[in-house]
Amino acid sequence: AQKITQTQPGMFVQEKEAVTLDCTYDTSDPSYGLFWYKQPSSGEMIFLIYQGSYDQQNATEGRYSLNFQKARKSANLVISASQLGDSAMYFCAMREGSGGSNYKLTFGKGTLLTVNP
Amino acid sequence: DSGVTQTPKHLITATGQRVTLRCSPRSGDLSVYWYQQSLDQGLQFLIQYYNGEERAKGNILERFSAQQFPDLHSELNLSSLELGDSALYFCASSVGNVGGADTQYFGPGTRLTVL
């Protein structure tokens, strides 16, 4: 079974509008972390936002926020006021466990976001 | 700029050859991770080192090996290369001992093309 599922291969949004990118996850570990990364066409992976499984509030970083619904095992990324530079592939990733120093990430297949002017 | 450096940026080689990819982590980071990104497999974790020791192995082929040196830079060695090894190889680094919020920062990647 896939641990991270991103059901939207592609999304379109108008500049200045908000967009939500979906991510569901599967784990039986009570301690885990969820991450979103952005990959522009140039190829680099840029860290956007982190949500811990025990965090009481949804994470926010500037125009990025994470809509964390633990019971539904979803961690959707919300981008407010989209900009042309937001056009990129977006990956949701999970790290399971909190002990030791093994923090490998499991990635979803990504969502390609296109921002239209 | 994440602070993680990778060299070379591009690498073109032939089947059967051996290559070495190099990574320097961010200052202060003790953990180094290697990931492979390909069209068919997506982003896959290969291996992790923490302060010079191997900590976790993922879907890494026996033809691949890695190490982390005392100065914390890491090298990924790929041998007996096959066409299917063509991919973007990322190195990431993190502090590695700060608990759940430990964030991995990725280098720019090395694009390997095997002809």
Segment A:16-31 - phi-based ³J(HN,Hα) in whole Hz, Karplus 6.51/-1.76/1.60, Gly and Pro as x: 6, 8, 8, 9, 10, 9, 8, 8, 10, 9, 9, 7, 9, 7, x, 10
Distance violations [Cα-Cα > 20 Å] among A:Lys3/B:Lys9; A:Lys109/B:Lys9; A:Lys3/A:Lys73; A:Lys3/A:Lys70; A:Lys3/B:Lys57: A:Lys3/B:Lys9; A:Lys109/B:Lys9
J(HN,Hα) series, segment A:64-79, from Karplus relation 6.51 cos²θ - 1.76 cosθ + 1.60, nearest Hz, glycine and proline x: 9, 9, 10, 8, 9, 10, 5, 5, 8, 6, 10, 9, 7, 8, 10, 10
Candidates A:Ser74, A:Ser42, A:Ser65: whichever shows maximal mean-square fluctuation once chain A is modelled as a Gaussian network with Cα springs under 10 Å: A:Ser42
The protein assembly as shown, Rg to Rh (Cα coordinates; Rh as Kirkwood inverse mean 1/r): 0.97
B:Arg55 long-range amide H proximity, modeled H, under 5 Å: B:Gln48, B:Tyr49, B:Tyr50
Proximal lysines to A:Lys16, defined as alpha-carbon separation beneath 21 angstrom and excluding residues fewer than eight positions away on the same chain: A:Lys38
Residue-averaged beta-carbon neighbours from other chains (10 angstrom radius) around A:37-43: 3
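Values in this text are rule-based calculations from the coordinates and carry no lab data. As the structure is a prediction and not an experimental result, all values here were calculated from the model. Note that each Cβ is placed from the backbone with ideal geometry, even for glycine, and that neighbours are counted across all protein chains shown.
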